[in-house]
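Undergrad: Starting off with a structure, shown below.
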Amino acid sequence: MIDTNLYTLCSDCDLLVQLPAVDIEHKAVCPRCHNLLNKKNRNMRLNTTIYALCALIMLFTASGFIFIDITILGNFNGVTVLDVLTTLYRDDYRFIALIFLLFVLIFPIFNLTIMLLLCAKRSLSRYRKRDLLIIYEKLIHWCMPEIFLTGILVSFVKLMSYGQIGITTAFIAFCLFVFFYLKAVLSFSTKACWDSIATNNFAHKPLIAGETGINQDIRLCDCCHAILPAKTVHCPRCKQSGKPRNRDKIQWTLALLATSLIIYIPANLFGIMITVILGSASSATILDGVIYMWQAGDIPVALVILTASIIIPILKIVSLSGLCYFAIGSRHKSIHNCLNMNRLYKVVEFIGKWSMIDIFVVSVISALVRNQQMMAIYPDIGIIFFAIVVIVTMIASHQFDPRLIWDRVKN
Ligand SMILES: [Zn+2]
Ligand SMILES: [Zn+2]
């Protein structure tokens, strides 16, 4: 019997590939666009369970205790992970508090629990598995514990000139949470879980490897990556609806990009952080922060903030607009051009959420520098505009269908 799971459609370039048997610790990539198609990890279920369990234990250990502290002129202030949340909430920055709660705590906890349930010995019904996998796939783009950790490190450098910073065992537990979380995500294979629910091939006719899906009247399910007849609206495996191409979503991408470009203006004009020293308050914009760090001699941190907060959002907007034009407007598509555009899309997808770093830096700094006799730091209104820019550009890049890059390519 032919193993139908051996075929897969590339989610980036729509090429039908016959997968070779992948050895343990090896990957299979698309021959046309080099997208990762399959990977086989050693003891996937056992390793994922161990990493996910360790991550959850470390997070709960870290949350209950003071994890970072600062001493300014003899005044000590220590904060727990949850203090970052409560400070934002008390300051009436509930939107930023919600971002922190969801992206750094709730979504990673949800996904780690889903991994544990799916890898557990006790088998769930296929419907339960399906629902859990759908939630996992939707949340994974919005999990940002590693970005929050980088934000903490950047805020340490920013605060070094004000006072003495200390870390506790709970901070090490938080670092371990991030480490185990990333290990769990890397060892978990959603493809293996989907394939355990049902076959990945629902095509009614023999498939031709090396041809695109659209030429064979088949399409890839956006959610579970099953191969479906092009006219099938609802995927039999995950029940999600879809189309051969998301061409109409280009308008959505462009509309979201225009929105983010407009909101990018107040995000840079308004301050993101208010510093109160001996009763006199001054607000600083993102650019002020970069200039201050540069003048203070912290050039690497100034460059990190400049890149993450100013250059990346603009590059993302320009790159995605260029990708939309190339996908539907370009007449001369060579494989070389498509490959470069595909790489650009991958970079945009990857770096998108790193712009959140400045939001986390401001959150950590405002929680730490509080109740001091000499100074206090509060978030400012610009931070909300900036968070909206990052979220809107992330949604815009998720709306874009990379298969449109490869349509009408000349071999
Ligand atoms: Zn491909
Ligand atoms: Zn599906």
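Undergrad: Rounded to the nearest percent, how much of the accessible area of the stretch 233-341 (1.4 Å probe, protein heavy atoms only) is carbon and sulfur? Could the numbers behind the result be given before it?
TA: Values: 3990 of 5730 Å².
It is 70 percent, rounded to a whole number.
Undergrad: What does the charge dipole of the stretch 59-142 about its Cα centre add up to, to the nearest 20 debye, if the Cβ of each Lys and Arg holds +1 and the Cβ of each Asp and Glu holds -1? Please list the in-between numbers first.
TA: On the way: 9 positive and 6 negative charges, 161 e Å.
Result for the stretch 59-142 is approximately 780 debye, rounded to the nearest 20.
Undergrad: Could you grab the relative contact order for the chain? Cα pairs under 8 Å, six or more apart, rounded to a whole percent. Before the final figure, lay out each step's value.
TA: On the way: 661 pairs, mean separation 91.3, N = 411.
Relative CO of the chain lands at 22 percent.
Undergrad: Once the dipole of the chain is set up with Lys and Arg at +1 and Asp and Glu at -1 on Cβ about the Cα centre, which of 289, 167, 308 lies farthest towards its positive end?
TA: Of the listed residues, the answer is 308.
Undergrad: Among 369, 22, 178, which one shows the highest mean-square fluctuation when the chain is modelled as a Gaussian network with alpha-carbon springs under 10 Å?
TA: 22
Undergrad: Moving to a separate point now. Are there trypsin sites (Lys or Arg not before Pro) in the stretch 208-295 that DSSP puts in a loop and that have at most 12 other Cβ atoms within 10 Å, and which ones? Show your work: numbers first, answer last.
TA: Numbers: sites: 219, 231, 237, 239, 245, 247, 249; in loops: 231, 237, 239, 245, 247.
Answer in residue order: 231.
Undergrad: Another question, if that's okay. Compute the Cα gyration tensor for the stretch 273-411, then decide on rounded, prolate or oblate, letting a ≥ b ≥ c be the square roots of its eigenvalues: rounded whenever a/c is under 1.5, prolate when a/b is larger than b/c in the other cases, and oblate in all that remain. List each step's numbers first, then the result.
TA: Details: a/c = 3.97, a/b = 2.90, b/c = 1.37.
Here the stretch 273-411 falls in the prolate category.
Undergrad: Solvent-accessible area per residue for the chain at a 1.4 Å probe radius, Å²?
TA: On the way: 19090 Å² over 411 residues.
That works out to 46 Å² per residue.
Undergrad: Can you bin the stretch 229-276 into rounded, prolate or oblate? Criterion: square roots of the alpha carbon gyration tensor eigenvalues sorted a ≥ b ≥ c, rounded for a/c under 1.5, prolate for a/b above b/c, oblate for the rest.
TA: Numbers: a/c = 9.24, a/b = 2.75, b/c = 3.36.
Oblate is the answer for the stretch 229-276, as a/c is 1.5 or above yet b/c matches or exceeds a/b.
Undergrad: Continuing with the same structure: Taking all protein chains as present, what is the carbon and sulfur share of the accessible area of the stretch 80-230, in % to the nearest whole number, probe 1.4 Å? Please list the in-between numbers first.
TA: Working: 4220 of 6680 Å².
Ligands and nucleic acids excluded, carbon and sulfur give 63 percent.
Undergrad: Something else: For residue 28, which sequence-distant residues (separation of 5 or more, or a different chain) have an amide H within less than 5 Å of its own amide H, given hydrogens modelled in the peptide plane?
TA: Under 5 Å from the amide H of residue 28 lie the amide H atoms of 37, 38, 39, each far enough along the sequence or on another chain.
Undergrad: So which lysines pass the test for residue 40, namely a Cα distance under 24 Å, with those fewer than 8 places away in the same chain ruled out?
TA: Filter leaves 27, 121, 129, 138, 183, 191, 346.
Undergrad: Under the rule a/c < 1.5 gives rounded, and otherwise a/b versus b/c splits prolate from oblate, where does the stretch 198-339 land using the Cα gyration tensor? Working shown, then result.
TA: Numbers: a/c = 3.12, a/b = 2.59, b/c = 1.20.
Prolate.
Undergrad: Shifting gears a bit: With only Lys, Arg, Asp and Glu charged, each at its Cβ (+1 for the first two, -1 for the last two), find how big the charge dipole of the stretch 321-411 is about the Cα centre; round to the nearest 20 debye. Please list the in-between numbers first.
TA: Details: 9 positive and 5 negative charges, 105 e Å.
About 500 debye.
Undergrad: To continue, here is another question. 222 nm [θ] for the chain, helices only, -39500 (n - 2.57) per DSSP H run of 4+, per residue, to 500? Working shown, then result.
TA: On the way: 16 runs with 212 residues, N = 411.
Dividing the helical sum by the residues of the chain leaves -16500 deg cm²/dmol.
Undergrad: Sticking with this one: Please list 80-86, 118-124 highest first by mean number of surrounding beta-carbon atoms within 10 Å per residue. Let's see the in-between values first.
TA: Working: 80-86: 19.4, 118-124: 13.0.
For the peptides 80-86, 118-124, the packing ranking is 80-86, 118-124.
Undergrad: Roughly what % of DSSP beta bridges within the chain run antiparallel, to the nearest 5?
TA: Values: 31 of 33 bridges.
Counting DSSP beta bridges with both partners in the chain, the antiparallel share is about 95 percent.
Undergrad: Please report, as a whole percent, how much of the solvent-accessible surface of the stretch 13-77 comes from carbon and sulfur atoms (probe radius 1.4 Å). All intermediate terms of the calculation are to be shown ahead of the outcome.
TA: On the way: 2110 of 3450 Å².
Heavy-atom surface of the stretch 13-77 belonging to carbon and sulfur, 1.4 Å probe: 61 percent.
Undergrad: What is the stretch 1-71's relative contact order, in percent, from Cα pairs under 8 angstrom and six or more apart in sequence? Kindly include the intermediate steps, with their values, before the conclusion.
TA: On the way: 62 pairs, mean separation 13.2, N = 71.
Normalised by residue count, the contact order of the stretch 1-71 is 19 percent.
Undergrad: Could I ask something else about it? Charges at C-beta only: +1 for Lys and Arg, -1 for Asp and Glu. How large is the resulting dipole of the chain about its Cα centre, in Debye rounded to 20? List each step's numbers first, then the result.
TA: Values: 37 positive and 24 negative charges, 342 e Å.
Here the chain has a charge dipole of around 1640 debye.
Undergrad: Right, something else. Tell me the relative contact order for the stretch 96-216 as a rounded percent, counting alpha carbon contacts under 8 Å between residues six or more apart. Please report the intermediate quantities before stating the final value.
TA: Values: 49 pairs, mean separation 37.7, N = 121.
Taking the mean separation of contacting Cα pairs over the length of the stretch 96-216, I get 31 percent.
Undergrad: So, by mean Cβ neighbours within 10 angstrom, what's the order for 291-298, 110-117, 358-365 with the highest one leading? Present the calculation step by step, with values, prior to reporting the outcome.
TA: Values: 291-298: 14.6, 110-117: 20.6, 358-365: 26.9.
The peptides rank, most packed first, as 358-365, 110-117, 291-298.
The values are calculated or read from the model by the stated rules, or taken from the named source; none is laboratory data. Bear in mind the structure is a predicted one, so any value in this text is a computation, not a measurement. For neighbour counting, all protein chains shown are included, and Cβ atoms are generated from backbone atoms with ideal geometry for every residue, glycine included. Accessible surface areas use protein heavy atoms only, side chains included; no ligands, DNA or RNA. Shrake-Rupley method; radii C 1.70, N 1.55, O 1.52, S 1.80 Å.
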